[in-house]
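The values are calculated or read from the model by the stated rules, or taken from the named source; none is laboratory data. Here the structure is a predicted model, which means the values were calculated and not measured. Methodologically, a virtual Cβ is constructed for each residue, glycine included, from the backbone with ideal geometry; neighbour enumeration extends over all protein chains shown.
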Amino acid sequence: MLRGELRHDEPMSRHVSWRAGGTAKTFFKPADLADLQVFLAGLPPDEAILLVGLGSNLLVRDGGFKGAVVLTTPHLGGIAIDAKDETIVVAGAGAASPHVAKFAARNSLAGAEWLAGVPGTVGGALAMNAGCYGTETWDQVVDCDTVDRQGQRHTRTAADFDIGYRHVQAKPTGRDEFFVSARFRFARGDAEVAQARIKQLLAKRMASQPLDKPNAGSTFRNPPGDHAARLIESCGLKGFSIGGAQVSLKHANFIANLGDATASDIEAMIHHMRDTVREKTGVELVQEVRIVGDAA
Ligand SMILES: Cc1cc2nc3c(=O)[nH]c(=O)nc-3n(C[C@H](O)[C@H](O)[C@H](O)COP(=O)(O)OP(=O)(O)OC[C@H]3O[C@@H](n4cnc5c(N)ncnc54)[C@H](O)[C@@H]3O)c2cc1C
């Protein structure tokens, strides 16, 4: 018997930061980990499964996702200090990364401050190897817990994945598991210093990112030795729009939803940006945002 919220044809625009896109055929918000395990074990073996955190790097096409979406927030979102080691923070997949940063700072730990600027969850950070200011998620992971399609739990370390810049692939390829929690090691520090650093990083972000309009952060990865935003801007694309999707005037690697963008406007914009940069500079930009589902 499931205890969480089960819905059908749920608009995913409610759950992704772009505030656009189609529906999920099945949508489940587990009450806790045991509930998630029961849900997964009961799905048909060929059902597509998508775990979603805060949807800050995700777009569901307008025709929708014909599988099961599992939302990890808020019930898989606990954060605690490890019982045996006070430099280790244990966080559920649904914990917001900025909350982990603030929790670590309050507990006089240093090194988690960067997570304050990544508006996703721990699960999303593990799946994307999110990073900024020189640190990446997996640099700090001691180990993580996963569940597989049958709902069985496993403990994994970095050695179980092929990890790179915004890239995490289970080894061997095809192992289908989802993150449910992770243990992060930070350094002993000073609460006030860490809190001041968080404030400073957030101020820097407010100044450089278009946080007033729905977006999904960087659309493309930075190519080696360069910045995607610089290349896009150099092609004169800042402010260019397709339907309700606009290349942000503040940060050219961000696509803003001006209010009524469809997923297809956003995807068309991604193609246009990539094609223009390729034609004008010869650089092939690699997409960072994840796009799933069917076209309308
Ligand atoms: C304003 C803004 C600034 C940003 N800045 C940064 C930045 O500095 N650095 C950076 O790296 N990113 C940045 N991002 C992108 C995004 O916040 C990160 O990628 C974040 O880690 C995604 O987390 P999420 O919970 O929102 O993931 P979602 O968008 O919900 O999902 C992203 C992907 O992860 C998968 N996933 C999510 N949870 C799980 C899970 N539990 N198990 C398995 N797979 C899962 C999803 O299926 C999907 O493929 C930014 C985004 C915005 C909007």
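Data table
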read-out: Search result, residues across the range 278-295 that are closer than 23 Å to ALA20 by Cβ and either within 15 Å of the ligand (Cβ to nearest atom) or surrounded by 12 or more Cβ atoms within 10 Å (Cβ to Cβ) (or both); value: LEU285, VAL286, GLN287, GLU288, VAL289, ARG290, ILE291, VAL292, GLY293, ASP294
read-out: Checking HIS75 against (1) more than 12 Å from the ligand (Cβ to nearest atom); (2) touching an Asp or Glu at 6+ places or on another chain (Cβ under 7 Å); (3) in a strand (DSSP E or B), the condition it does not meet; value: (3)
read-out: Any hit, the range 81-98, residues being within 16 Å of the ligand (Cβ to nearest atom) and in a helix (DSSP H, G or I); value: yes
read-out: Search result, residues across the range 10-47 that are under 15 Å from PHE178 (Cβ atoms), in a loop (DSSP other than H, G, I, E, B) and of a type in the set (A, V, I, L, M); value: LEU43
read-out: Failed item, numbered, when LEU109 is tested on (1) without any contact (Cβ under 8 Å) to a residue 24 or more places away in the chain; (2) surrounded by 19 or more Cβ atoms within 10 Å (Cβ to Cβ); (3) away from the ligand (no atom under 13 Å from the Cβ); (4) not aromatic (Phe, Trp, Tyr); value: (1)
read-out: Tally, over the range 171-200, of residues that are more than 19 Å from GLY151 (Cβ to Cβ), within 16 Å of the ligand (Cβ to nearest atom) and either modelled with pLDDT under 95 or in a loop (DSSP other than H, G, I, E, B) (or both); value: 2
read-out: Only listed residue being surrounded by 13 or more Cβ atoms within 10 Å (Cβ to Cβ) and farther than 15 Å from ALA93 by Cα, chosen from ALA170, ALA182, ALA159; value: ALA170
read-out: Residue satisfying condition, being closer than 21 Å to ASP9 by Cβ, under 22 Å from the mean Cα position of the chain (by Cα) and more than 12 Å from the ligand (Cβ to nearest atom), within set LYS29, LYS102; value: LYS29
read-out: Residue within the range 71-81 that is among the hydroxyl-bearing types (Ser, Thr, Tyr), under 15 Å from the mean Cα position of the chain (by Cα) and surrounded by fewer than 24 Cβ atoms within 10 Å (Cβ to Cβ) present; value: yes
read-out: Single residue of the range 113-154 satisfying the filter (of a type in the set (Phe, Trp, Tyr) and within 10 Å of the ligand (Cβ to nearest atom)) that is surrounded by the fewest Cβ atoms within 10 Å (Cβ to Cβ); value: TYR133
read-out: The one condition in (1) loosely packed, with under 15 Cβ neighbours inside 10 Å; (2) away from the ligand (no atom under 14 Å from the Cβ); (3) closer than 23 Å to ASP226 by Cβ that ARG274 fails to fulfil; value: (1)
read-out: Residues within the range 49-72 that are part of a loop (DSSP other than H, G, I, E, B) and more than 11 Å from the ligand (Cβ to nearest atom), tallied; value: 3
read-out: Top-ranked residue of the range 205-231 - restricted to ones that are closer than 19 Å to GLY55 by Cβ and small (Gly, Ala, Ser), ranked as nearest to the ligand (Cβ to nearest atom); value: GLY217
read-out: Residues within the range 256-296 that are within 14 Å of GLY239 (Cα to Cα), in a strand (DSSP E or B) and in contact (Cβ under 8 Å) with a residue 60 or more places away in the chain, tallied; value: 1
read-out: Near pairs, Cβ below 9 angstrom, 6+ apart or cross-chain, from the range 7-29 (farther than 19 Å from GLY120 by Cα) to any residue that is at pLDDT below 95 and away from the ligand (no atom under 15 Å from the Cβ); value: GLY22/ALA296
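Every residue, every condition in (1) more than 17 Å from the chain's Cα centre (by Cα); (2) aliphatic (A, V, I, L, M); (3) surrounded by fewer than 21 Cβ atoms within 10 Å (Cβ to Cβ), yes or no:
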position: LEU211; (1), (2), (3): no, yes, yes
position: THR219; (1), (2), (3): no, no, no
position: ALA228; (1), (2), (3): yes, yes, no
position: ILE242; (1), (2), (3): yes, yes, yes
position: GLY259; (1), (2), (3): yes, no, yes
